[in-house]
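So the structure is just underneath, and the comments pick up after that.
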Amino acid sequence: MEIEARANPMDKYLRADRIPHIWCSGCGLGIVLNAFLHAIEELNIDLDKLAVVSGIGCTGRIAGYINTDSYHTTHGRAIPFATGLKLANPEMKVVVISGDGDLFAIGGNHFIHAARRNIDITVIGVNNYNYGMTGGQLGPTTPLGARTTTSPYGNIEHPFNLCHVAHAAGAVYVARWTVLHAIRLKNSIKEALNKRGFSFIEVIAACPTTYGRRNKMPDALDEMRFYREHSVIKHGIDPSQANIEIGKEIVVGKFVDIEKPTFNEAVEELKKKVKKK
Amino acid sequence: MKKEIRFWNGSIAVSEGAIVAGCRFFAGYPITPASDIAEYMALRLPQEDGIFIQMEDEIASIAALLGASWGGAKVMTSTSGPGFSLMQENVGLAAVTETPLVIAEVQRAGPSTGMPTLVGQGDVMQSRWGSHGDYETIVISPSSPQESFDLVIRAFNLAELYRVPVIFLMDECIAHMSERVVIPPKEEIEVVERIKPNVSPEKYMPFQPVNDIAPMATAGMGYRVHVTGLTHNEKGYPMTTSPEVQEWMVRHICDKIRKNEHKIRDIEEYRMEDAEIAIVAFGIVGRSAKAAVKMARRHRIKAGLIRLKTIWPFPESYFESMADSIKKFIVAEINYGQIKLEVERAVHGKASVELLPKFGGAVHQPMEIYQKIKEVKNGN
Amino acid sequence: MKTEIRFAGYGGQGIILMGNIAAKAAVLYDGKNAVYTPSYGPEARGGAASSNVIIADEEIDYPYVTSIDVLVAMSQLGYENNAPILKDNGLLIIDSDLVRLKNGAGKVAKIQATRIAEQLGKRIVANIVMLGFFTAVTEVISYGSMKKAVLESVPAKYKELNEKALEMGYKEGMKWQE
C-alpha cells in the first residue's frame with residue numbers, strides 16, 4: 001500500500017524542516033503549540049509581523065518550530081528581551097512562550113515588572129510543575145508534597161499560584177487552562193493576542209516523563225484523566241482563590257480582563273509632549 | 001552647518017555622541033558612577049523620538065537591548081563593574097547571535113561593591129573574557145569628554161559593522177570631568193548603518209557571512225529569522241551535537257574580529273619617534289602618563305606614550321613590532337596588572353615590561369609615573 | 001600660564017556649581033582651556049564638598065589640582081583641609097563670616113558673601129556673590145564671560161537675582177583690588 005505524503009494545512013506556520021520536535025511522547029507542549037497556531041490562523045495574523053520569544057527549557061524550544069521571527073534567548077530573560085523588541089518595533093505582535101521555571105524562578109523578577117509596567121505583550125506560561133529538560137527537578141510551581149529529583153522526600157516549599165502573581169503584579173488579562181481544554185485554550189490565546197497590554201495565560205501541561213512518573217501519573221493519559229475529573233471552570237474568580245494543591249480541584253477559566261494604558265502608549269504620549277521642534 | 005563648542009562632562013558627551021550615532025533605545029539600571037548617563041538619556045531620548053526604559057536590573061537591561069536591537073534599533077546601556085558582571089551571560093548571547101549593542105561601562109574600584117564613587121580600571125579582562133566560551137568583543141576607551149563623544153560614535157559604527165557587542169570602557173574620572181567638546185558639523189560625522197539582506201527570504205541565510213559579516217534581518221522585515229543562543233548553523237538552526245558546526249560558528253564569531261584587528265586598532269602615540277622607554281596607558285591614566293612624558297622630556301629622557309583607545313582586540317602585532325626598537329615598557333593602570341599581561345605576551349620576551357599599578361580610588365599622579373621612568377632608565 | 005583653583009565648602013552651598021560655572025566661562029566665553037572636576041561622596045547635604053578648576057593657555061593633561069593657586073573657602077573645614085596645599089604665593093579667598101583664619105595665612109581676600117546674599121533675600125546665592133568677588137580679585141576669567149555662564153546655569157526666574165548677586169560680589173572685589 002502506498003501512503004501519500006500530503007502537506008498538513010498547518011505546515012505554513014511551522015519550520016517543517018525542523019520537525020520532528022524534541023518533546024517526549026505524551027508531553028503537553030504539542031497541544032499548546034497546536035492551540036497557538038490555530039489561534040493565529042483564526043485571527044489571520046500576518047506571520048511577518050509576529051515574533052515569538054522564549055527562554056530555556058522544553059517550552060523554550062517552541063520558538064524554534066514556529067515560522068515567524070523567533071528568538072530563543074537565555075534562561076529567564078525572554079520577557080525583558082520581548083520588552084525591548086516590542087518597544088523598538090511596536091508594529092510587531094510579541095508573544096513569549098516559556099515554562100514555569102524559566103518565567104517564574106530565574107525570570108520571576110522580569111515577569112512581575114513587565115506586568116507592572118503593562119508592556120504590550122502576551123505571555124503563555126506552560127506549567128508542568130517541574131524542570132523537565134534537566135531531568136525533573138523541583139520548580140516554583142511544584143505542588144507541596146510532590147516528588148521530584150530534588151525533592152525526593154516530597155516538596156516542602158509552597159508553590160506560586162501563577163495567576164495570582166500575574167494579577168497582583170498588574171496583568172490586564174489572566175487566564176488558566178489545562179492542555180485538556182484545547183479549544184478553550186485556543187480561544188483564550190485569541191483574546192490575549194487581541195488584548196492591549198500585558199496578558200498572561202497559564203497552561204497546565206502533562207509531563208509524564210519527569211513529573212508524572214514520580215507522582216503516580218506515569219502515563220500522559222493519567223494526567224489528562226486527572227484534568228478532566230478535577231478541573232472546574234470558574235470565570236471571574238479572584239485568582240487568590242485558585243491555588244493548586246495535589247489531588248485537589250484545578251480551578252481554570254478567565255480570571256482577569258481589565259483595561260489600562262500600556263507602557264508603549266505612555267511612551268508615545270511622553271514623546272509627543274517633549275519632542276524637539 | 002558649523003562646528004559647535006560645548007562644555008560637557010564625559011557622561012553627557014557619551015550620551016550626545018550615542019544620539020548622533022543613531023542610538024534610539026536605552027535600557028539601564030541605576031549604579032554609581034554610571035547613573036548620570038541613564039539620567040541624561042532619560043531626559044534626551046524622548047526628545048529625539050527614542051525610548052528610555054529603566055529596567056528591574058542589569059540582566060533585564062541587556063536582555064532588552066538584545067530585543068530592541070533585533071527590533072531594528074541602535075541600542076545602548078550604561079553600567080559599572082557589578083552591573084557589568086550581571087550582564088555577562090547576555091554579552092555571550094549578543095556575541096553568538098551577532099547582535100550589535102553598546103555598553104558604556106564606567107569603571108569604579110572593585111572587586112565586588114568596592115569603592116562605588118571612586119575610579120578603577122579593573123574591568124579590562126571582564127570586558128574581554130566576562131562570559132563563558134570563546135568569543136570576541138570590541139573594547140574602546142576614551143581619555144576625555146571629547147573622546148567620549150567621538151569614540152562612542154565609532155563604538156556604534158563598529159558594533160553595527162561587525163555585528164558585535166562593543167564595550168565603551170570609561171572610568172569614573174572621565175565620566176565626571178568637564179571639558180571643551182567640539183561637535184563637528186553633522187555632514188563630517190561618519191555614521192554606519194547595519195547591512196540588511198538584499199536577497200529573497202527563501203534564499204536568505206541569516207548567519208552566512210558575506211565578506212566576514214552576515215547581513216542582518218531584524219523583526220518584521222519578512223525574513224522570519226530564528227535566533228538562538230544554542231550552537232547554530234548558517235540558517236540559525238540549533239545544531240547542538242555537531243562539533244563541526246560548533247567549530248565553524250566559534251571561528252566565525254572570533255575571526256571576524258581577529259582578522260580585522262588592524263582596522264579596529266586605534267592608538268595615540270606621543271613622542272614615540274625616538275623613544276627608548278614607552279609608557280602604556282588608557283583612559284584617565286593616559287593623561288597622567290602624557291604629563292609624565294613631558295616631564296621626562298624636559299629632563300632629556302627619551303620617553304614616549306602609547307595610549308590605547310582600542311583595547312580589545314589587543315594590538316598584538318603592533319606591540320610585537322614596537323618591541324624591535326623599544327626595550328622598556330611601563331604599563332600604568334588602575335588595577336593589579338591586566339593590560340600589562342597582554343603587553344608582556346605580545347612582546348615575546350623582546351623587551352622588559354614593568355607594571356605601575358594603582359589599586360583603585362586614586363589616579364597616578366604624573367610625578368609617580370615620571371619617577372618610575374627614571375627608575376627604569378637607571379636600571380640598565 | 002596655568003591656574004589651579006579649588007572651591008571648598010559644605011554640601012548645599014552650591015560649591016559644585018561654582019566650579020562648573022567658572023570652568024564653563026573660561027572654555028565657552030574666554031576661549032581658554034579649562035577642566036572641571038567635582039569631588040563628591042555619597043549623596044548628602046552638609047558634608048564636605050569641593051570642586052576644582054584648572055585654567056590654562058596650554059593643553060591640560062592631568063586634570064586634578066595638586067597645588068592650589070586660588071583657594072575659595074566657604075567653610076572652616078574647607079579652609080583647614082585645603083590650606084596645606086595652597087601655594088606659598090597662592091591666594092586665599094574666604095567668606096569671613098564662615099572662616100576663621102589661623103596664624104600665618106598669606107595673601108587673603110575676604111568677603112561676607114553669605115551675609116550679602118541674605119541681604120539680597122536669598123542665602124542660596126552666596127556662591128554667586130562669591131563668584132563675582134572671585135572674578136574681580138583673580139582676573140583669571142573676564143566678568144562678561146562669568147556673567148554669561150552664570151545666567152546660562154541658573155533657572156530663568158532667578159536670573160535677575162543671580163545677576164545682582166554676581167554684581168555685588170564683583171563690586172566688593174573691585175574695592176579689594178584698590
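The values are calculated or read from the model by the stated rules, or taken from the named source; none is laboratory data. Given the structure is predicted, the values throughout are model-derived calculations rather than measurements. Here the Cβ is made from the backbone with ideal geometry for all residues, glycine too, and neighbour counts use every protein chain on show. These area figures cover heavy atoms from the full protein model, side chains too; ligands, DNA and RNA do not enter into them. Shrake-Rupley method; radii C 1.70, N 1.55, O 1.52, S 1.80 Å.
Between the DSSP loop rule and a limit of at most 11 other Cβ atoms within 10 Å, which GluC sites (Glu not before Pro) in segment B:243-291 are left?
Passing both the DSSP loop test and the Cβ count: B:Glu273.
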### Summary
In segment B:2-44, the residues losing 50 Å² or more of accessible area (1.4 Å probe, heavy atoms of protein chains only) relative to their chain alone are B:Phe7
### Message
Using Cα-Cα distances under 8 Å and only pairs 6 or more residues apart, what relative contact order does segment B:268-378 have, in percent?
### Response
32 percent
### Query
For the pairing of chain B with chain A, what total accessible surface becomes buried, with a 1.4 angstrom probe, in square angstrom to the nearest 100?
3500 Å²
### Message
Along its three principal axes, how long is segment C:101-178 when you only count alpha carbons? Whole Å, largest extent first please.
### Response
43, 25, 18
### Query
Net charge near C:Leu161, counting Lys/Arg +1 and Asp/Glu -1 over other residues with Cβ under 14 Å of its Cβ?
+2
### Query
In terms of the ratio Rg/(2.2 N^0.38 Å) built on C-alpha atoms, what value belongs to segment B:1-74?
1.13
#### Entry: Where only C-alpha atoms are counted, convex hull volume of chain B per residue in Å³
144 Å³
### Residues in segment A:70-92 occluded by at least 30 Å² - accessible area, probe radius 1.4 Å, against chain by itself
A:Ser70, A:Tyr71, A:His72, A:Thr74, A:Arg77, A:Pro80, A:Phe81, A:Gly84, A:Leu85, A:Leu87, A:Ala88, A:Asn89
## Note on the structure
The orientation-averaged projected area of the Cα convex hull of chain A, in nm², is 16.2 nm²
### Summary
Taking the chain alone as reference and the full protein assembly as comparison, with a 1.4 Å probe on protein heavy atoms only, the residues of segment B:179-224 that lose at least 20 Å² of accessible area are B:Glu179, B:Arg180, B:Ala219, B:Gly220, B:Gly222, B:Arg224
### Task
Using a 1.4 angstrom probe, figure out how much accessible area the protein assembly as shown has per residue, in square angstrom, rounded to the nearest whole.
40 Å²
#### Entry: Sulfur and carbon atoms: percent of accessible area, the protein assembly as shown [1.4 Å]
51 percent
#### Entry: Out-of-range pairs (alpha-carbon distance over 30 Å; input B:Lys302/B:Lys340; A:Lys260/B:Lys186; B:Lys3/C:Lys147; B:Lys294/C:Lys148; B:Lys350/B:Lys374; C:Lys87/C:Lys171)
A:Lys260/B:Lys186; B:Lys294/C:Lys148
### Query
P(r) tail for segment A:171-211, what percent of Cα pairs lie past 11 Å?
63 percent
#### Entry: Kirkwood Rh in Å, taken over all unlike Cα pairs in the protein assembly as shown
29.7 Å
### Query
At each listed q (0.15, 0.17, 0.18 Å⁻¹), what is the log10 of I(q)/I(0) that the Debye formula gives for chain C modelled as equal alpha-carbon point scatterers?
-0.78, -1.03, -1.17
### 21 Å tail of the calculated P(r), segment B:225-380, as % of Cα pairs
51 percent
### Query
P(r) of segment C:25-110 in 5 Å steps, Cα pairs, percent per bin?
3, 13, 21, 21, 19, 15, 8, 1
### Query
So what is the relative contact order of chain C, in percent, for Cα pairs below 8 Å that sit 6 or more residues apart?
21 percent
### Task
Determine the total buried accessible area between chain B and chain C, counting protein heavy atoms only with a 1.4 Å probe; round to the nearest 100 Å².
1700 Å²
### Query
What fraction of the Cα pairs in segment B:135-246, stated in percent, has a spacing above 16 angstrom?
69 percent
### Query
Are there chymotrypsin sites (Phe, Trp or Tyr not before Pro) in segment B:314-380 that DSSP puts in a loop and that have at most 14 other Cβ atoms within 10 Å, and which ones?
B:Tyr336, B:Phe359
### Task
Give me D for segment B:321-376 in µm² s⁻¹, whole number, from Stokes-Einstein with Rh from the Kirkwood sum over alpha-carbon pairs, 4 °C and 1.567 mPa s.
110 µm²/s
#### Entry: Exposed GluC sites (Glu not before Pro) absent: longest stretch of chain A, with sites in DSSP loops and at most 14 other Cβ within 10 Å deemed exposed
A:158-244
#### Entry: Span-rule helices in chain B, defined as complete DSSP H runs reaching 15 Å or more along the axis (Cα) with Kyte mean at least -0.5
B:10-21, B:58-70, B:81-96, B:145-162, B:283-298
### Coil-residue trypsin sites (Lys or Arg not before Pro) of segment B:1-105, DSSP, other Cβ within 10 Å capped at 14
B:Lys2, B:Lys3
### Query
Plugging the Kirkwood radius over Cα pairs into Stokes-Einstein for segment B:4-188, at a temperature of 10 °C and a viscosity of 1.306 mPa s, what D comes out in µm²/s?
101 µm²/s
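Just want to confirm a number: the relative contact order over segment A:137-277, from Cα pairs under 8 angstrom separated by 6+ residues, in percent.
Once divided by the residue count of segment A:137-277, the mean separation gives 25 percent.
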### Task
Find out how many positive minus negative residues lie around A:Gly108, taking Lys and Arg as positive, Asp and Glu as negative, among other residues whose Cβ is under 11 Å from that of A:Gly108.
-3
